[in-house]
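Here's the structure we're looking at; comments come further down.
The values are calculated or read from the model by the stated rules, or taken from the named source; none is laboratory data. Nothing here was measured: the structure is a model prediction, and the numbers come from that model. Here the Cβ is made from the backbone with ideal geometry for all residues, glycine too, and neighbour counts use every protein chain on show.
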Amino acid sequence: MTTAPVILSGTPGSFARGVFHERHPKLVRQVLDALPYGPGERASVEELLAESTGGVMRPLDAGAHDHRQWLEWGEGLYGRPWGEVPFLWAESYFYRRLLEATGYFRPGTWRGVDPFAPFKDAELAGPAVDAELAALDELPGLSAGKRGEVLLASALWGNRADLGFRITASAGEGRPPALIADDSPLLWSVLAAAREPRVCVVADNAGRELLPDLVLIDHLLTDGIAAEAVLYVKPYPYFVSDATTSDVLAALHRLRSGPGREAARIGGRLWRAMNGGTLTVRTHPFFCAPLPFHDMPADLRNELSEAALTVTKGDLNYRRLVGDRLWDATSPFAERAGHFPSPVAALRTLKSDVVVGLDAAVVAELDATGEPWRTSGTYGVVQVGVPVTR
């Protein structure tokens, strides 16, 4: 099998190193400012930051409920400098350790308190969301095909609202977005060819991104494109703004309260779809694992194998889908994602070095600009992989 170098978290001058030495320090400051953590929690968070930017990786405390699981996942990594550890693994572990430092899993005052909730809540209540919800009143005037096109694009570009990315977003984020790979015709044809299709959506961010994801799901169900939908979310707070079940409920309440008549209608339909079982929200511990989807456990693989199409949202899911490696950008997407148990579509704005499935001419043109196009959040892809045999 063709392979490529694994991305490490400490390579000098790399995007990955910038995450640990620029983004995470800013994130820690924001977390400690957003909630009135006590001296113990604050000291633990500061210790984690110091360790992850200049120390060696230590395992979770033996009393942690998932201590054994992380020992297994991290075999051979503990005791090494963070910068020598694969980026995907190190970044995932940083967020698990941040929850430990803030007391999320421990008995006490801060148990179950999402350290990122103030950011999520502020975004969902913001005026930008009011405008986006009001704009949904235009949807009934569009043809079904045009609605699908618009809502798919909205779900794709909603990923630019990623709070973690915006902490250190480059100036390029303000530029008009550009789609550099578009398999959307294949996406719609896969669904059209399926009988009573189940669509699985692996969510990424909460708030402004989750809203268009839910609106797209409503379109698939209401127009009969999907017979049922399953929305997969994280089992606990992760990567600043990743969606949990609580975030789904908050988004549904936001839709139902408007503004705009259509937003309220969509929120009501989704609520009833959950009541009736045509929309199910699920989670699995593996969605917070530091591993690629290639290594997903059998029970989750079996669930996803029943989908006519699985839609993965965002940058992290893309890294887990194709492998967090420095692939040749022209490497076929279908080859990199061929291990997935169902036909799979990736809706992703580029915010890390990993990308595959691009035309050579597109890559050459982007490289010639001299801009960090792989990490700026300016470019996006809709890519679909269909297994040869199911």
### Qualifying position, being surrounded by 15 or more Cβ atoms within 10 Å (Cβ to Cβ), under 30 Å from TRP327 (Cβ atoms) and either in contact with a helix residue (DSSP H, G or I) (Cβ under 8 Å, 6 or more places away or on another chain) or touching a residue at least 60 places away in the same chain (Cβ under 8 Å) (or both), among VAL28, VAL19
VAL19
### Query
Can TYR104 be described as in contact with a Ser or Thr (Cβ under 9 Å, 6 or more places away or on another chain), within 17 Å of VAL45 (Cα to Cα) and of a type outside the set (Gly, Ala, Ser)?
no
### Message
Looking at ALA329, ALA346 in this structure, which one is touching a helix residue (DSSP H, G or I) at 6+ places or on another chain (Cβ under 8 Å), assigned to a strand (DSSP E or B), hydrophobic (A, V, I, L, M, F, W, C) and outside the structural domain of PRO25 (by TED's automatic domain parsing)?
### Response
ALA346
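Does VAL381 count as under 19 Å from ASP242 (Cα atoms), at pLDDT 95 or above, not charged (D, E, K, R) and not in a helix (DSSP H, G or I)?
no
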### Message
Pairs please, first residue from the stretch 104-121 and without any contact (Cβ under 8 Å) to a residue 60 or more places away in the chain, second anywhere and hydroxyl-bearing (Ser, Thr, Tyr) and assigned to a loop (DSSP other than H, G, I, E, B), Cβ atoms under 7 Å, 6+ apart in sequence or on different chains.
### Response
ARG111/TYR104; GLY112/TYR104
### Message
ASP130 - would you say it is in contact (Cβ under 8 Å) with a residue 40 or more places away in the chain, crowded, with 19+ Cβ neighbours inside 10 Å and under 23 Å from ALA203 (Cα atoms)?
### Response
no
### Residue satisfying all of: in the stretch 33-52; under 26 Å from the mean Cα position of the chain (by Cα) and surrounded by 17 or more Cβ atoms within 10 Å (Cβ to Cβ); nearest to TRP89 (Cα to Cα) among these
SER52
#### Entry: Subset of the stretch 322-336 that is of a type outside the set (D, E, K, R) and closer than 13 Å to ILE7 by Cα - its residue that is surrounded by the most Cβ atoms within 10 Å (Cβ to Cβ)
VAL322
#### Entry: Residue in the stretch 64-86 that is hydroxyl-bearing (Ser, Thr, Tyr), surrounded by 15 or more Cβ atoms within 10 Å (Cβ to Cβ) and under 19 Å from PHE239 (Cα atoms) present
no
